[in-house]
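The values are calculated or read from the model by the stated rules, or taken from the named source; none is laboratory data. Being a predicted model, the structure only gives us computed values, none of them experimental. All Cβ positions, glycine included, derive from the backbone under ideal geometry; neighbour counts span all protein chains shown.
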Amino acid sequence: MRDELLDLAGALKDHILSERESRSGVSRLYLKGDLGALYPVPPDTDDPERESGVVMSVPSVTLEDIRTELGDCTRCKLHGGRLNIVFGEGNPHADLLFVGEAPGRDEDQQGRPFVGRAGQLLTDIIKAMGLTRDAVYICNILKCRPPENRNPEPDEIAACEPFLVKQLQSIQPRVICALGKFAAQTLLKTDTAISVLRGRFHSYHEMRLMPTYHPAYLLRNPGAKKQVWEDVQMIMKELQQES
Ligand code: SF4
């Protein structure tokens, strides 16, 4: 009997995984009985059906899944000039996610986000928050470098943004910090100036989004560091309140 149940559980798991791959939204099944002992209920679940014997839970799409789907991407014209796709890096379960505009020369060469001068400034900001780069997640709207660091174009954003949205859905940070005009305007679907958007939280699905100035802008306009620090302090307060 136990072997039959194990076979059944295996078949159901395969079914869930195939459903997940087809993006049907199925992520868990509920069974009652002996199988509950084989697939213990996650202790932190607040699902009301927990007590009735949750036996199987399939995690949401992982960052590895998304990177695999992205592949050697040729979905927009930027693929022709890149050295490396800059997917993003950091804690896959981060409470805080920084999203910028697009890779620059250093990022393109290294395949890592925010590693040039602006990246060093972002690293300093993260340290000033009492965090490390490993504790947060860092990525961009676009994953390939635009030529001569020109502004992203609408067709490029349209092609690449779905992968950012999937990253956000996978990580589910409590707070998103949108660095600069393009990140903030793209996520919030607005053309309002960053100077107006910054300084307060916005809602992005179930997450809190704080726009602030891009570190590259701060390198050119050091006087704006004061406003960025104000925004960052609001983020820190928000994270402390929710933890
Ligand atoms: S910018 Fe995004 S959509 Fe365009 S080629 Fe690179 S990964 Fe693909």
Aliphatic (A, V, I, L, M) and modelled with pLDDT of 95 or more: does that describe Met129?
yes
Search region 60-75 for residues that are touching a residue at least 24 places away in the same chain (Cβ under 8 Å) and within 13 Å of Cys144 (Cβ to Cβ) and pair each with any residue that is charged (D, E, K, R) and not in a helix (DSSP H, G or I) when their beta-carbon atoms are under 8 Å apart and the residues are at least 6 apart or on different chains.
Leu70/Lys143; Cys73/Lys143
How many residues does region 141-177 hold that are of a type in the set (Lys, Arg) and either farther than 19 Å from Asn91 by Cβ or not assigned by TED's automatic domain parsing to the domain that holds Leu96 (or both)?
2
Please find, among Glu148, Glu156, Glu161, the residue that is over 21 Å from Leu218 (Cα atoms), more than 17 Å from the chain's Cα centre (by Cα) and within 16 Å of the ligand (Cβ to nearest atom).
Glu156
Inside region 93-114, the number of residues satisfying the requirement of being within 19 Å of Met236 (Cβ to Cβ) and surrounded by fewer than 18 Cβ atoms within 10 Å (Cβ to Cβ) is 1
Regarding region 166-176, can at least one residue be identified that is touching a strand residue (DSSP E or B) at 6+ places or on another chain (Cβ under 8 Å), under 20 Å from Ile66 (Cβ atoms) and within 16 Å of the ligand (Cβ to nearest atom)?
yes
For region 174-198, how many residues are more than 12 Å from Ile141 (Cα to Cα) and surrounded by 16 or more Cβ atoms within 10 Å (Cβ to Cβ)?
8
In region 69-119, residue nearest to the ligand (Cβ to nearest atom) [restricted to those that are in contact with a His (Cβ under 7 Å, 6 or more places away or on another chain) and assigned to a loop (DSSP other than H, G, I, E, B)]:
Cys73
Pairs only if they're at least six apart or on different chains, beta carbon under 8 angstrom, first in region 122-140 and of a type in the set (D, E, K, R), second part of a loop (DSSP other than H, G, I, E, B); list them, first residue then second.
Asp134/Asn91
